[in-house]
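> Sharing a structure, written as structure tokens. Questions coming.
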Amino acid sequence: MRIDWQMYEDGQLGPEEMREADDALRFDSGARKELEGLRSFRKSVREAALRERVPQRSLERRLDMVVGQTARPSGRVRLAYGAAAVCALTFAFLALNRFVLTDDTVEVREQFDDVGAAADWASDRSHIEIPDIQKLAVGQFGSVHAASGWACFDYAVDGETVHVLVSQGVARKTGCHSVSTKAGVVYVQVGSSNVRLNLRGLLFVVMGTNLDRNISVAESLGAQLGPIG
């Protein structure tokens, strides 16, 4: 299966494609290398575009990696070559990303081995002080995606990706029915298995296809972060 990692990074894959991509990253080292290569390219272009002075030799090496070896002019035309290369890479980067670099309203996804580091990154991206969500007793942390105002942590639980969405707000009873758990009361959205709960002044929404599994995740969150309120 060929995965469009650009769309993955932009959060534009559908739910089924996103699950397949997450599985590929967990089990396929080649898939991880492809995604790391894309991220490295984006980072290099971003750095080149934002610097006042162009690191020409470094930029030329990056061009070799991206488009292959090319014959380079010598002498004075090297300056023009460097300027043209920066312009070309900058426009290519903007075309690939399809959004302004500083726009934090756009969803971005990152992989982290450490959940604490993921929470720090998500706090910066979402502008919300998100507490550390340590390893859930019922699942394995996979990745985090976020934009201004929200962050979502993805866990593999019983072979399925369960999303833990964090935002500022309150779990409203409207359109929900309450369920008492060991950690407190959670609210289940009518017509879906999504579980809503309040922890540390934040709204957490656990999203997955199985209600009992989602409640288990909510209880695990409550055990880590304090009583569900």
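> Among the residues of segment 159-188, count how many are in a strand (DSSP E or B) and either more than 18 Å from TYR8 (Cβ to Cβ) or in contact with a Gly (Cβ under 6 Å, 6 or more places away or on another chain) (or both). Step through it out loud before you land on a result.
First, pick out the residues of segment 159-188 that are in a strand (DSSP E or B): 160-167, 176-181, 184-188.
Still in the list and also either more than 18 Å from TYR8 (Cβ to Cβ) or in contact with a Gly (Cβ under 6 Å, 6 or more places away or on another chain) (or both): 160, 162, 164-167, 176-181, 184-188.
Total meeting the criteria: 17.
> Does LEU136 satisfy the criteria of being under 24 Å from LEU35 (Cβ atoms), surrounded by fewer than 20 Cβ atoms within 10 Å (Cβ to Cβ) and touching a strand residue (DSSP E or B) at 6+ places or on another chain (Cβ under 7 Å)?
Working: under 24 Å from LEU35 (Cβ atoms): yes; surrounded by fewer than 20 Cβ atoms within 10 Å (Cβ to Cβ): no; touching a strand residue (DSSP E or B) at 6+ places or on another chain (Cβ under 7 Å): yes.
Taking the combined requirement at face value, the residue does not satisfy it.
Okay, residues lined up against (1) without any contact (Cβ under 8 Å) to a residue 24 or more places away in the chain; (2) among the aliphatic types (A, V, I, L, M); (3) in the same structural domain as VAL144 (by TED's automatic domain parsing); (4) surrounded by fewer than 17 Cβ atoms within 10 Å (Cβ to Cβ):
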residue: GLU160; (1), (2), (3), (4): no, no, yes, yes
residue: VAL164; (1), (2), (3), (4): no, yes, yes, no
residue: CYS176; (1), (2), (3), (4): yes, no, yes, no
residue: TYR187; (1), (2), (3), (4): yes, no, yes, no
residue: VAL190; (1), (2), (3), (4): yes, yes, yes, yes
residue: ASN198; (1), (2), (3), (4): no, no, yes, no
residue: ASN210; (1), (2), (3), (4): no, no, yes, yes
residue: SER220; (1), (2), (3), (4): no, no, yes, no
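> Restricting attention to segment 120-133, and to residues there that are assigned to a loop (DSSP other than H, G, I, E, B) and in contact (Cβ under 8 Å) with a residue 24 or more places away in the chain, which single residue is nearest to SER220 (Cα to Cα)? Even if it seems obvious, please write down each step before you answer.
To start, the set of residues in segment 120-133 that are assigned to a loop (DSSP other than H, G, I, E, B) comprises 127-133.
Adding the requirement that they be in contact (Cβ under 8 Å) with a residue 24 or more places away in the chain leaves 128, 130-131, 133.
Values: ILE128: 21, ILE130: 16, PRO131: 14, ILE133: 10 Å.
The selected residue is ILE133.
> For segment 134-158, enumerate the residues that are in a strand (DSSP E or B), in contact with a helix residue (DSSP H, G or I) (Cβ under 8 Å, 6 or more places away or on another chain), under 19 Å from SER123 (Cβ atoms) and touching a residue at least 40 places away in the same chain (Cβ under 8 Å). Write out each step before concluding.
Applying the first criterion (in a strand (DSSP E or B)) to segment 134-158 yields 140-147, 150-157.
Those still in the list that are in contact with a helix residue (DSSP H, G or I) (Cβ under 8 Å, 6 or more places away or on another chain) too: 141-144, 146-147, 150-151, 153-157.
With under 19 Å from SER123 (Cβ atoms) added as a condition, the list becomes 141-144, 146-147, 150-151, 153-155.
Result: GLY142, SER143, ALA147, ASP154, TYR155.
The values are calculated or read from the model by the stated rules, or taken from the named source; none is laboratory data. All values reported here derive from a predicted model rather than from experimental measurement. As a convention, Cβ positions derive from the backbone with ideal geometry for all residues, glycine included, and neighbour counts pool all protein chains shown.
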